[in-house]
Amino acid sequence: MAVLLSVIMSVSGIMVPVNAKAAPTVTKIKMPKTATVYVGKKKTLKVKAAPKGAKPKIQWKTSNKKIATVSKAGVVKGVKKGRAIITATVKGNKRVKKAQCRVTVKNVLVKCINSENVTLKVGSTTTLNPDIQPADATNKKLKYTSSNTEVVTVDPNMGGLQQSQQELQP
């Protein structure tokens, strides 16, 4: 009898309510208060929503696009050294829920400078060509100095070396 009733209802177009549970409405969102990202690098910010099982649609915004950008997926990219506030916003039950993260963007630091050993004859010059690592270091400007200017002088901006014009006696 139940099967016959079901067939009649489906043929006649009568809709039967289904007991499907909708995701709960978001009442609260949280994310880290602070984060650090390096210039040119990316970091994903994770948002936790309450109650458990809530599936929020998050809108992302940055306070300063010149410092950090943020994608629709919450991926923050460092643009320039500085600070920006990243805001995650969720609308639910006619109420807006927000969480903010203060992002500090730092320069990529030089970790290693490799240079060849150089031997110069009296009065000769050469230019150094150091290998700076990592390749994406933000500030690759080097300042050159000599520990003994009586033996060799250095152009502080170019890395050029010049041997002393006279030989030193030990």
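The values are calculated or read from the model by the stated rules, or taken from the named source; none is laboratory data. Note that the structure is predicted; figures quoted are calculated from it, not measured. A quick note on method: Cβ atoms are made from the backbone with ideal geometry, for glycine too, and the neighbour counts reach across all protein chains shown. Ligands, DNA and RNA are excluded from the accessible area calculation, which covers all protein heavy atoms including side chains. Shrake-Rupley method; radii C 1.70, N 1.55, O 1.52, S 1.80 Å.
Scalar couplings 3J(HN,Hα) for region 63-78, obtained by applying the Karplus form with A = 6.51, B = -1.76, C = 1.60 to θ = phi - 60°, are 7, 7, 5, 6, 9, 8, 10, 9, 8, 5, 9, x, 8, 9, 10, x Hz; x denotes Gly and Pro. The modelled label-to-label distance between LYS72 and ASN114, using points 7 Å beyond Cα along the C-beta direction, is 4.3 nm. Each Lys or Arg adds one and each Asp or Glu takes one away; over the other residues whose Cβ falls under 12 Å from the Cβ of LYS57, this sums to +4. On region 47-103, 49 percent of the accessible area sits on carbon and sulfur atoms, based on a 1.4 Å probe. Each residue of region 104-113 was assigned a 3J(HN,Hα) from its phi angle through the Karplus expression (A = 6.51, B = -1.76, C = 1.60, θ = phi - 60°), giving 9, 9, 10, 5, 6, 8, 6, 9, 7, 10 Hz with x at Gly and Pro. Between SER146 and THR44, the contour length at 0.36 nm per residue exceeds the Cα-Cα span by 32.3 nm.
The Cα atoms of region 41-113 give a gyration tensor whose axes a ≥ b ≥ c have a/c of 1.5 or more with a/b greater than b/c, which makes the shape prolate.
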